[in-house]
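S.K.: Quick one: this structure, given as structure tokens, is what I'll be asking you about.
The values are calculated or read from the model by the stated rules, or taken from the named source; none is laboratory data. Bear in mind the structure is a predicted one, so any value in this text is a computation, not a measurement. When we count neighbours, we look across all protein chains shown, and the Cβ atoms used for this are built from the backbone with ideal geometry, even at glycine.
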Amino acid sequence: MTTLDSVKHAESTPDTALPWAELGLKEDEYARIREILGRRPTDAELAMYSVMWSEHCSYKSSKVHWHYWQENTTEEMRAKMLAGIGENAGVVDVGDGWAVTFKVESHNHPSYVEPYQGAATGVGGIVRDIIAMGARPLAVLDPLRFGAADHPDTKRVLPGVVAGIGGYGNCLGLPNIGGEVVFDPSYQGNPLVNAMCIGAMRSEDLHLAHASGVGNKVMLFGARTGLDGIGGVSVLASETFSGDESGTGRKKLPSVQVGDPFTEKVLIECCMELYREGIVVGIQDLGGAGLSCATSELASAGDGGMRVELDRVPLRATGMTPAEILSSESQERMCAVVKPEDVEAFLRVCRKWDVIATEIGEVTDGDNLVITWHGETVVDVPPRTVAHQGPEYHRPFERPTEQDVLRSATPDLLPRPSTPEELRETILTMISSPNLASREWVTQQYDRYVRGGTVLAQPCDSGMIRIDEETWRGVAAATDCNGRFVKLDPYTGTQLALAEAYRNVATGGATPLGVTNCLNFGSPEDPGVMWQFEQAVKGLAEGCRELGIPVTGGNVSFYNQTGDTAILPTPVVGVLGVIDDVRRRIPTGFGNEAGESLILLGETREELGGSEWAHVVHGHLGGTSPEVDLAREKLLAQILVAGSRDGMVSAAHDLSEGGLAQTVVEMALIGQTGARVVLDPDLDPFVQLFSESAGRVLVAVPRSEELRFTELCSARGLPWRRTGVVVPESDSLEIQDVATFPLDELRTAWEGTLPALFD
Amino acid sequence: MTARIGVITFPGTLDDIDAARAVKYADIEAVSLWHGDHDLKGVDAVVVPGGFSYGDYLRAGAIARFAPVMAKVVDAARGGMPVLGICNGFQILCEAGLLPGALVRNHKLHFVCRDQWLRVENTSTAWTTRYEPGAEILVPVKNGEGAYMADEATLDALEGDGRVVFRYVGGNPNGSRRDIAGISSRDGRIVGLMPHPEHAIDALTGPSDDGLGMFLSALDALQGAAA
């Protein structure tokens, strides 16, 4: 670099060619930037626009469908939300003056390139989003998708991802309370690494990202800024991830950022102390697009004007250019707006925690974000044009013709086990298959105990933590998505994901309150993928309306594909619920009471399209997904919460992948207690054991409560069937007229698979 | 007189609120101590809790032993003050020379978090008098560098002196020599262990309440001293 590309320089050299195409901008987008500025952008401005207008930051392909959220959020749903879509994370009121914030984000592409750091920094990013709302982060969950379990590359990716999540999350002192691990060949070259974080605060402590108050100071604090992750947003999260030297003639560090969890842990505690002292006016984390994003979002959410002296930013590399500093994605950094009289107090708190803090600018009464470099202006832009007025694409979407072929290829003619011996073998095959086997190999690498408030965690249906030690109030969360169902029918499949997460929260005894999502799809340039996406958003928005719980935020990840082959569409749905007293949570394993009956809630139909059985035994995907009945799900949740409140339910477990067989095996193994299951003589045993009909939960009910509970179900119109008894003195699971399994045999089958694959 | 136990927070400490909660569950006042403190605020005993002090990028506990507060802890411990090191705290006590041996990376190289059975081998230390000899307790273990190592002579001496306080039973989670989960100083006042008794004080949030006995033992030791 010889000449600094200042605004003045740009004005005097209007014809200088800039590498807008290499930075991922389209020709018309570049023309619009020139139009906004009335001149060519400087290279620093181009860096800002290109990252902020990338798919990852601007949602340019997806936001055209966001009207579905607006249309389907009723006033009643809005009333529970303290902050919604557009903020760093959604916030819901959970009662007693507590507000809870929660969000999921993807870190898919970095985690394929560099599994450990990709996954680690994914945790770091979502945790900073939660801090930026003014909340203390309290727990994380990790929805993960990998290629075939026995594929050699899965052995590279999965252990790295799991170690990265553990290595970072454990060091932050956040319990990991749930998530998913799903294998499917469609994720082979494109694993999904989503991370969810939950935080809590007193309602009055909610901090929104805005920079208002002329003269207020802009403080950058946390780690130094380096060359890592430059171009990460526009290159990695968009069309290709081949890496980019971007023509400056200098070798960049790898585009995947490197995390330092210790710095983040200290940053968390530092922020909590700053909040307690009440010296933060506005705050924003630095994630994708780094300072470009933080300064333009803070400024545009405030009064607009901000001045930043970029040469004051503490660096960890020498010779960095203004464009590099603006687009660096160095981790563990935050940006706060502070009143001038509080700057000294702010610096004192940062010093206590050995956090580097620097005043880099101030809020002005102008309209523009002005960034200088040693006195010369290198950026002078209306911040909203960077942060919120990016391009909006109306991409074509169309139901692919193959969809009919897929739906007509039903599983009806697949050979089924019919003799007791065949059923017995199928049960063992299923419980040891990669998607149904115990996740302990993964979850034991995560700390679920830290902070001492974890009441439910894996292998339970939902995670649950206590948020108030005085009142025992707590929150629960679950994430779910069966991509095969979404593939068969994106609208219904997404509602099934919502229904399952909702049900899982209620299965622990909590009342569902709000929804977040991480919509992982293939290329938006493929009209078939865009159709899946449109259907998924519509299905989720309308489903939430029916359930009466709002979508508070979410994340979109496109371009999840290998070559032309997209992943199974995977709209991961996260549901958050509240429980007024965690001591009444419902455990997953049975055997907690002396005598318990097993009661199956809901109806079992022959629904095997997209089922785990068709996948494991026949490698088949086709037909129709199970039906979804959200009114029924709502009723089921109410019954479960009532059962928890009145002590009528002593254990509960949702029926999903693998059906009743999987659920009852898990309840027995987790509870270390035997049982006798009696199937309905009027229904095919195979269908009863393996169908994946939605809206079902198997509950254990103390004998003394059985009549009261079943009368409640009947009175409310919830179908139920007595399906067996828990046998505390037995160490085997008997499925009458089918097979009797010693629990040890089941445990060996269930627990052996992942260690055999990944140890 | 109310007993007071200090709980140290280093930057990167994670289980300090858990340790303080466990202390309170035993009806003892918990006093927070900061790594930069030059005094122990008059506490009667100290818990060095788990976490990743200063990030533990060099070697677990290697930096923390140089913290100003640790100099005071070492002095007080040499004078007989009860000190409990849990997980990272155990690593720090070893690094500080208060306990022999070292903790190294788990044998399978993974972080391991699981519910673990321990046998209480010595019920005469300041932290274990509430247990029956040979009692088996269920507490979480969670660490990446939890394999206890020492040379054979040291291990023999520890065994011979009854200084092996806790031993893993039902499977060794990390490759510790002789299944050792926790040890004590010669006078039984200082105990270090990798598993987390502070996470087992209530069967709702932990696998059991078996860990509470350690804090109640300390209460007895402190009240006995006062009486």
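S.K.: Quick one: which of A:GLY173, A:GLY199, A:GLY124 is more than 14 Å from chain B (Cβ to nearest Cβ), closer than 30 Å to B:ALA60 by Cα and surrounded by 24 or more Cβ atoms within 10 Å (Cβ to Cβ)?
M.R.: Just one listed residue meets the conditions, A:GLY199.
S.K.: Still on this structure, I have one more. Can you list residue pairs whose Cβ atoms sit under 6 Å apart, with the first residue in region B:197-222 being hydroxyl-bearing (Ser, Thr, Tyr) and the second being surrounded by fewer than 21 Cβ atoms within 10 Å (Cβ to Cβ)? Count only pairs 6 or more apart in sequence or on different chains.
M.R.: Short answer, once both residue conditions are applied: B:SER208/B:LEU138; B:SER217/B:THR129; B:SER217/B:ARG130.
S.K.: Separate question: Going by the conditions given, is A:TYR59 over 19 Å from the mean Cα position of the chain (by Cα), within 24 Å of A:TYR559 (Cα to Cα) and surrounded by fewer than 22 Cβ atoms within 10 Å (Cβ to Cβ)? Talk me through it step by step, then tell me what you get.
M.R.: Working: over 19 Å from the mean Cα position of the chain (by Cα): no; within 24 Å of A:TYR559 (Cα to Cα): yes; surrounded by fewer than 22 Cβ atoms within 10 Å (Cβ to Cβ): yes.
No.
S.K.: While we're on this one: Would region A:42-50 turn up any residue that is within 26 Å of the chain's Cα centre (by Cα) and either modelled with pLDDT of 95 or more or buried (at least 19 other Cβ atoms within 10 Å of the Cβ) (or both)?
M.R.: Taking region A:42-50 as the starting set, the residues that turn out to be within 26 Å of the chain's Cα centre (by Cα) are A:50.
So of that shortlist, the ones also either modelled with pLDDT of 95 or more or buried (at least 19 other Cβ atoms within 10 Å of the Cβ) (or both) come out as A:50.
Yes, region A:42-50 has at least one match.
S.K.: Another question, then. Given the residues A:VAL649, A:VAL664, A:VAL628, A:VAL678, which is the only one that is in contact with a strand residue (DSSP E or B) (Cβ under 7 Å, 6 or more places away or on another chain), at pLDDT 95 or above and farther than 24 Å from A:THR419 by Cβ?
M.R.: Working: A:VAL664 fails: farther than 24 Å from A:THR419 by Cβ; A:VAL628 fails: in contact with a strand residue (DSSP E or B) (Cβ under 7 Å, 6 or more places away or on another chain); A:VAL678 fails: farther than 24 Å from A:THR419 by Cβ.
Of A:VAL649, A:VAL664, A:VAL628, A:VAL678, the one residue that is in contact with a strand residue (DSSP E or B) (Cβ under 7 Å, 6 or more places away or on another chain), at pLDDT 95 or above and farther than 24 Å from A:THR419 by Cβ is A:VAL649.
S.K.: Still on this structure, I have one more. In the set A:GLU332, A:GLU344, A:GLU359, which member is closer than 22 Å to A:GLY282 by Cα, in contact with a Ser or Thr (Cβ under 6 Å, 6 or more places away or on another chain) and not hydrophobic (A, V, I, L, M, F, W, C)? Before the answer, list the steps.
M.R.: Details: A:GLU344 fails: in contact with a Ser or Thr (Cβ under 6 Å, 6 or more places away or on another chain); A:GLU359 fails: in contact with a Ser or Thr (Cβ under 6 Å, 6 or more places away or on another chain).
Within the list A:GLU332, A:GLU344, A:GLU359, the selection yields A:GLU332.
S.K.: Does at least one position in region A:84-96 carry a residue that is over 21 Å from the mean Cα position of the chain (by Cα), surrounded by fewer than 24 Cβ atoms within 10 Å (Cβ to Cβ), of a type in the set (A, V, I, L, M, F, W, C) and at pLDDT below 95? First the steps, then the outcome.
M.R.: Taking region A:84-96 and keeping what is over 21 Å from the mean Cα position of the chain (by Cα), we get A:95-96.
Filter once more, keeping what is surrounded by fewer than 24 Cβ atoms within 10 Å (Cβ to Cβ): A:95-96.
With the extra rule that they be of a type in the set (A, V, I, L, M, F, W, C), the set shrinks to none.
Among the residues of region A:84-96, not one is over 21 Å from the mean Cα position of the chain (by Cα), surrounded by fewer than 24 Cβ atoms within 10 Å (Cβ to Cβ), of a type in the set (A, V, I, L, M, F, W, C) and at pLDDT below 95, which makes the answer no.
S.K.: Give me the residue from region A:253-272 that is among the aliphatic types (A, V, I, L, M) and either part of a helix (DSSP H, G or I) or within 14 Å of chain B (Cβ to nearest Cβ) (or both) and, out of that set, surrounded by the fewest Cβ atoms within 10 Å (Cβ to Cβ). Break it down into steps so the answer makes sense when it comes.
M.R.: Of region A:253-272, the ones among the aliphatic types (A, V, I, L, M) are A:253, A:256, A:258, A:266-268, A:272.
Remaining after also requiring either part of a helix (DSSP H, G or I) or within 14 Å of chain B (Cβ to nearest Cβ) (or both): A:258, A:266-268, A:272.
On the way: A:VAL258: 16, A:VAL266: 22, A:LEU267: 27, A:ILE268: 23, A:MET272: 18.
Per the stated criteria, the residue is A:VAL258.
S.K.: Would you point out the residue of region A:735-759, among those that are in contact (Cβ under 8 Å) with a residue 60 or more places away in the chain and among the small types (Gly, Ala, Ser), that is nearest to the other protein chains (Cβ to nearest Cβ)?
M.R.: Here the residue is A:GLY752.
S.K.: Which of the residues belonging to region B:160-198 are assigned to a loop (DSSP other than H, G, I, E, B), under 15 Å from B:ALA22 (Cα atoms) and touching a helix residue (DSSP H, G or I) at 6+ places or on another chain (Cβ under 8 Å)?
M.R.: Correct list: B:HIS196 only.
S.K.: Has region A:584-605 got any residue that is more than 26 Å from A:ALA457 (Cα to Cα), surrounded by fewer than 20 Cβ atoms within 10 Å (Cβ to Cβ) and of a type outside the set (Ser, Thr, Tyr)?
M.R.: yes
S.K.: Same structure again: What are the residues in region A:400-417 that are part of a loop (DSSP other than H, G, I, E, B) and surrounded by fewer than 13 Cβ atoms within 10 Å (Cβ to Cβ), if any?
M.R.: First pass over region A:400-417, keeping only residues part of a loop (DSSP other than H, G, I, E, B): A:400-401, A:409-410, A:414-417.
Answer for region A:400-417, where residues must be part of a loop (DSSP other than H, G, I, E, B) and surrounded by fewer than 13 Cβ atoms within 10 Å (Cβ to Cβ): A:THR401, A:PRO415.
S.K.: Something else now. In this structure, does B:ASP56 turn out to be closer than 23 Å to B:GLY144 by Cβ, buried (at least 20 other Cβ atoms within 10 Å of the Cβ) and without any contact (Cβ under 8 Å) to a residue 40 or more places away in the chain?
M.R.: On the way: closer than 23 Å to B:GLY144 by Cβ: yes; buried (at least 20 other Cβ atoms within 10 Å of the Cβ): yes; without any contact (Cβ under 8 Å) to a residue 40 or more places away in the chain: no.
Taking the combined requirement at face value, the residue does not satisfy it.
S.K.: Does B:ILE201 satisfy being in contact with a helix residue (DSSP H, G or I) (Cβ under 9 Å, 6 or more places away or on another chain) and assigned to a loop (DSSP other than H, G, I, E, B)?
M.R.: So B:ILE201 passes the test.
S.K.: When region A:273-307 is examined, which residues are found to be surrounded by fewer than 22 Cβ atoms within 10 Å (Cβ to Cβ), at pLDDT 90 or above and under 26 Å from A:GLY375 (Cβ atoms)?
M.R.: Matches in region A:273-307: A:GLY305, A:ARG307.
S.K.: Same structure again: Taking into account only those residues within region B:103-135 that are assigned to a loop (DSSP other than H, G, I, E, B) and of a type in the set (D, E, K, R), which is nearest to the other protein chains (Cβ to nearest Cβ)?
M.R.: B:LYS108
S.K.: May I pose another question? Scan region A:470-511 residue by residue and report those that are out of contact with any Asp or Glu (no Cβ under 7 Å at 6 or more places or on another chain), in a strand (DSSP E or B) and within 19 Å of A:PRO143 (Cα to Cα).
M.R.: Going residue by residue through region A:470-511, those that are out of contact with any Asp or Glu (no Cβ under 7 Å at 6 or more places or on another chain) are A:470, A:474-477, A:481, A:484-496, A:498, A:505-506, A:509-511.
Add one more test, that the residue is in a strand (DSSP E or B), and what stays is A:474-477, A:511.
Result: A:VAL475, A:ALA476, A:ALA477.
S.K.: Being within 14 Å of chain B (Cβ to nearest Cβ), farther than 28 Å from A:LEU743 by Cα and touching a Leu at 6+ places or on another chain (Cβ under 8 Å) narrows it down to one residue among A:VAL582, A:VAL551, A:VAL573, A:VAL578; which is it?
M.R.: On the way: A:VAL551 fails: within 14 Å of chain B (Cβ to nearest Cβ); A:VAL573 fails: within 14 Å of chain B (Cβ to nearest Cβ); A:VAL578 fails: within 14 Å of chain B (Cβ to nearest Cβ).
A:VAL582 is the lone residue from the list that is within 14 Å of chain B (Cβ to nearest Cβ), farther than 28 Å from A:LEU743 by Cα and touching a Leu at 6+ places or on another chain (Cβ under 8 Å).
S.K.: Being surrounded by fewer than 18 Cβ atoms within 10 Å (Cβ to Cβ) and touching an Asp or Glu at 6+ places or on another chain (Cβ under 8 Å), is that true of even one residue in region B:137-154?
M.R.: Within region B:137-154, the first condition is being surrounded by fewer than 18 Cβ atoms within 10 Å (Cβ to Cβ), and the residues that meet it are B:149, B:151-154.
Filter again for touching an Asp or Glu at 6+ places or on another chain (Cβ under 8 Å), leaving none.
Within region B:137-154 (the criterion being surrounded by fewer than 18 Cβ atoms within 10 Å (Cβ to Cβ) and touching an Asp or Glu at 6+ places or on another chain (Cβ under 8 Å)), the answer is no, since none of the residues qualifies.
S.K.: Further question on the same structure: May I ask you to say which residue of A:GLY493, A:GLY522, A:GLY508 is surrounded by 24 or more Cβ atoms within 10 Å (Cβ to Cβ) and within 14 Å of chain B (Cβ to nearest Cβ)? Don't jump to the end; show me each part of the working.
M.R.: Details: A:GLY493 fails: within 14 Å of chain B (Cβ to nearest Cβ); A:GLY522 fails: within 14 Å of chain B (Cβ to nearest Cβ).
Exactly one residue qualifies, and that residue is A:GLY508.
S.K.: Let me ask you something else. Give me the residue from region B:187-227 that is closer than 16 Å to B:LEU84 by Cβ and of a type in the set (D, E, K, R) and, out of that set, nearest to the other protein chains (Cβ to nearest Cβ). If you could, list the steps in order and put the result at the bottom.
M.R.: Taking region B:187-227 and keeping what is closer than 16 Å to B:LEU84 by Cβ, we get B:187-201, B:210-222, B:225.
Filter once more, keeping what is of a type in the set (D, E, K, R): B:187, B:189, B:198, B:210, B:220.
Working: B:ASP187: 30, B:ARG189: 26, B:GLU198: 7, B:ASP210: 14, B:ASP220: 23 Å.
Restricting to residues being closer than 16 Å to B:LEU84 by Cβ and of a type in the set (D, E, K, R), the top hit is B:GLU198.
S.K.: I would also like to ask the following. Would you mind finding the one in A:PHE686, A:PHE690 that is modelled with pLDDT of 95 or more, of a type in the set (Phe, Trp, Tyr) and surrounded by fewer than 24 Cβ atoms within 10 Å (Cβ to Cβ)?
M.R.: Values: A:PHE690 fails: surrounded by fewer than 24 Cβ atoms within 10 Å (Cβ to Cβ).
Only one candidate passes the filter, namely A:PHE686.
S.K.: Which pairs have Cβ atoms under 8 Å, sit 6 or more apart or on different chains, and link a residue in region A:569-595 that is at negative phi to one that is buried (at least 23 other Cβ atoms within 10 Å of the Cβ) and aromatic (Phe, Trp, Tyr)?
M.R.: Pairs found: A:PRO569/A:PHE521; A:PRO569/A:PHE533; A:THR570/A:PHE521; A:PRO571/A:PHE521; A:GLY574/A:PHE102; A:VAL575/A:TYR502; A:LEU576/A:PHE102.
S.K.: Also, I was wondering about something else. Would region A:603-620 turn up any residue that is under 25 Å from the mean Cα position of the chain (by Cα) and outside any helix (DSSP H, G or I)?
M.R.: Within region A:603-620, one or more residues are under 25 Å from the mean Cα position of the chain (by Cα) and outside any helix (DSSP H, G or I).
S.K.: Tally time: how many residues in region A:665-697 are within 16 Å of A:LEU601 (Cβ to Cβ) and within 28 Å of the chain's Cα centre (by Cα)?
M.R.: Residues in region A:665-697 being within 16 Å of A:LEU601 (Cβ to Cβ) and within 28 Å of the chain's Cα centre (by Cα): 8 in total.
S.K.: Residues of region B:180-192 being surrounded by fewer than 20 Cβ atoms within 10 Å (Cβ to Cβ) and not basic (Lys, Arg), which ones?
M.R.: The answer is B:ASP187, and nothing else.
To keep it simple, each residue is scored yes or no on (1) small (Gly, Ala, Ser); (2) surrounded by fewer than 23 Cβ atoms within 10 Å (Cβ to Cβ); (3) outside any loop (DSSP other than H, G, I, E, B).
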residue: A:LYS538; (1), (2), (3): no, yes, yes
residue: A:ARG545; (1), (2), (3): no, yes, yes
residue: A:TYR559; (1), (2), (3): no, no, no
residue: A:VAL575; (1), (2), (3): no, no, yes
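S.K.: Still on this structure, please answer the following. For region A:427-472, which residues satisfy the criterion of being touching a Lys or Arg at 6+ places or on another chain (Cβ under 8 Å) and more than 14 Å from chain B (Cβ to nearest Cβ)?
M.R.: A:ASP461, the sole residue that qualifies.
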